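Heads up: the structure comes next, in structure tokens.
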There are 2 protein chains.
Amino acid sequence: MSSPEGSIAAANLAFYEALEARDLARMEKLWLHEDSASCIHPGWHRIDGWPEIRRSWQNIFASSRSWTVSCEQVRISLEGDVAWVTCVEAISPFGAEGLDATARMQATNVFRRQNGEWRMIHHHASPSPGGEGSQDEEPIN
Amino acid sequence: MSSPEGSIAAANLAFYEALEARDLARMEKLWLHEDSASCIHPGWHRIDGWPEIRRSWQNIFASSRSWTVSCEQVRISLEGDVAWVTCVEAISPFGAEGLDATARMQATNVFRRQNGEWRMIHHHASPSPGGEGSQDEEPIN
């Protein structure tokens with residue numbers, strides 16, 4: 001895991017582990033605490049700046065039930081000190097059975113390397129085919 | 001428009017002009033033609049690699065009706081030769097009247113500078129509040 005790609009994959013995995021654990025402290029550790037940070041939760045408007053992003057995670061963790069989260073189809077792109085990772089998030093309510101209970105989200109995660117560590121600077125997740133809110137018709141933009 | 005931010009804003013605008021014009025040649029010109037390119041249309045799975053991305057735009061332009069497209073709340077982040085732009089896309093069927101006819105999408109657009117030109121390498125668009133498919137409940141990641 002000493003290659004840049006390995007470190008980026010580990011940073012991306014840490015995000016989904018923090019999400020599954022609903023652990024605000026771990027979420028705080030992996031984000032860049034900057035005004036330029038931004039976050040788009042599924043179906044929501046963009047949230048700008050770390051303080052508001054932190055508050056959104058706090059609300060999500062306070063109100064949501066336990067879930068299991070996994071991350072599939074990970075694709076990593078790297079250029080200098082920026083990496084963007086795309087993947088499919090599979091989120092299942094804890095204890096639920098069957099495929100229908102799993103929501104799948106397409107995600108774009110942007111990381112920036114700061115002091116040798118890859119930290120999240122942008123997260124965008126949205127419903128995917130086979131998941132909640134998916135569409136079967138032809139895509140429009 | 002000679003600052004990097006100005007050039008990135010222009011590249012982002014060129015994307016929405018090509019989308020509004022449903023002009024495949026302009027779309028071809030502004031994307032990087034690489035296997036690492038990726039595209040997530042609203043509600044769709046990720047499309048990987050320029051040939052498949054090109055085909056998706058060809059299908060969209062062939063099947064969709066005329067529309068007007070504008071781009072709001074543009075936010076540009078830049079690091080070395082990579083920029084990521086977030087914005088809200090407002091897409092209205094041509095001739096339609098009233099706010100309800102406008103679909104709003106949250107977008108994340110990643111550009112890479114190559115030979116001095118900013119070209120699109122990743123596009124992710126998804127339904128936004130007030131637009132098609134929006135949600136009013138608490139966001140879940």
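Just so you know, in the range A:91-110 the residues that are at pLDDT below 95 and small (Gly, Ala, Ser) include one that is farthest from A:ALA18 (Cα to Cα), and it is A:GLY98. In the range A:119-135, the residue that is modelled with the highest pLDDT out of those that are at the interface with chain B (Cβ under 7 Å from one of its Cβ atoms) and outside any strand (DSSP E or B) is A:SER128. Residue check: is A:ARG113 farther than 25 Å from A:GLY6 by Cβ and in contact with a strand residue (DSSP E or B) (Cβ under 8 Å, 6 or more places away or on another chain)? No: the conditions fail for A:ARG113.
For the range B:29-60, a residue qualifies if it is more than 9 Å from every other protein chain (Cβ to nearest Cβ) and not hydrophobic (A, V, I, L, M, F, W, C), and the qualifying residues are B:LYS29, B:HIS33, B:GLU34, B:ASP35, B:GLY49, B:PRO51, B:GLU52, B:ARG54, B:ARG55, B:GLN58. So, A:VAL74, is that one touching a strand residue (DSSP E or B) at 6+ places or on another chain (Cβ under 7 Å) and within 28 Å of B:GLN114 (Cβ to Cβ) or not? Judged against the criteria, A:VAL74 is a match. Scanning the range B:55-95 for residues that are closer than 30 Å to A:LEU78 by Cβ, free of Cβ contacts under 8 Å to residues at least 60 places away in the same chain and part of a strand (DSSP E or B) turns up B:CYS71, B:GLN73, B:ARG75, B:SER77, B:GLU79, B:VAL82, B:TRP84, B:THR86, B:VAL88. Taken as a whole, the condition of being closer than 14 Å to B:SER128 by Cβ and modelled with pLDDT of 95 or more applies to B:GLN73.
The values are calculated or read from the model by the stated rules, or taken from the named source; none is laboratory data. Just so it is clear, the model here is predicted, and its values are computed rather than measured. For neighbour counting, all protein chains shown are included, and Cβ atoms are generated from backbone atoms with ideal geometry for every residue, glycine included.
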